[in-house]
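A quick write-up on the structure given underneath.
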Amino acid sequence: MNIIKVSNEQEQKDAYFVRQKVFVEEQHVSLEEEMDQFDDIATHFVGYEDNLPVAASRLRYVEGYGKLERICILKKYRGRGYGKQMILHMEQEVSDQGYEKSKLNAQTQALDFYKNLGYEVVSEEFMDAGIPHVTMTKEIK
């Protein structure tokens, strides 16, 4: 998978396409909740396989953390290590921007995935868009 930082309108559309497929269609999150006011200020990433968009995420900087958000892989492409590649790519960007910590709100069904990447739970469970989540953080080396 080739991951790029979104730099034009088509790449942004590709990222939104993946997010809509995963969060809106598959997980039944409302479009209004999925596409929020932070999309305009976030850094977006899209992952391509054979020039097709298959993964997406966004990154913001909040309270001294690089906050990893909206990380998603199209269902057909899961199980290939693309989620890990996306996280590592985003962590590198966080580090490149001078930050030493990353943070994310993980769906509880993905807890083990994030724990295996070095993230630790720092919150109680909470609901976001009708899906249970916890906040997790990691020191970036």
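Rounded to the nearest 500, the helix-only mean residue ellipticity at 222 nm of the chain stands at -7000 deg cm²/dmol, with each DSSP H run of n ≥ 4 adding -39,500 (n - 2.57). For the range 55-119, the number of Lys pairs separated by eight or more positions or lying on different chains, with C-alpha atoms closer than 25 Å, is 15. Solvent-accessible area assigned to carbon and sulfur over the chain amounts to 46 percent, based on a 1.4 Å probe.
Tell me which residues come under 5 Å, amide H to amide H, from Gly66 once H is placed; ignore anything under 5 positions away on its chain. Under 5 Å from the amide H of Gly66: Lys101, Ser102, Lys103. Per-residue Karplus couplings for the range 49-66, computed as 6.51 cos²θ - 1.76 cosθ + 1.60 with θ equal to phi - 60°, are listed in order as 10, 6, 6, 9, x, 10, 8, 8, 6, 9, 9, 10, 10, 9, 6, x, 10, x Hz, Gly and Pro entered as x. When the chain is treated as a GNM with alpha-carbon contacts under 10 Å, the residue of Glu63, Glu25, Glu49 showing the greatest mean-square fluctuation is Glu63.
In the distance distribution for the range 8-61, Cα-Cα pairs more than 19 Å apart total 24 percent.
Working note: Karplus 6.51/-1.76/1.60 with θ = phi - 60° gives the range 15-25 the couplings 4, 5, 4, 5, 4, 5, 4, 6, 7, 7, 6 Hz, where Gly and Pro are set to x. Taking every pair of alpha-carbon atoms in the range 29-108, give the share separated by more than 15 Å as a whole percent. The proportion of pairs with Cα distances above 15 Å equals 59 percent.
Loop-resident GluC sites (Glu not before Pro) (DSSP state other than H, G, I, E or B) in the range 65-141 with no more than 14 further Cβ atoms inside 10 Å of their Cβ: Glu100, Glu124, Glu125. Taking other residues whose beta carbon is less than 11 angstrom from the beta carbon of Leu117, and scoring Lys, Arg as +1 and Asp, Glu as -1, yields 0. Only Lys, Arg, Asp and Glu carry charge here, each on its Cβ (+1 for the first two, -1 for the last two); on that basis the chain has a dipole of about 520 debye about its Cα centre. Which percent of the Cα-Cα distances in the chain go past 20 Å? The share of Cα pairs beyond 20 Å in the chain comes to 44 percent.
The candidates Asp96, Asp50, arranged from most to least accessible area with a 1.4 Å probe in the full protein assembly, appear as Asp50, Asp96.
The values are calculated or read from the model by the stated rules, or taken from the named source; none is laboratory data. Because the structure is predicted, anything quoted here is derived from the model rather than measured. FYI the Cβ positions are ideal-geometry reconstructions off the backbone, even for glycines, and counts take in every protein chain you see. Surface areas here come from the heavy atoms of the whole protein model, side chains and all, with no ligands, DNA or RNA. Shrake-Rupley method; radii C 1.70, N 1.55, O 1.52, S 1.80 Å.
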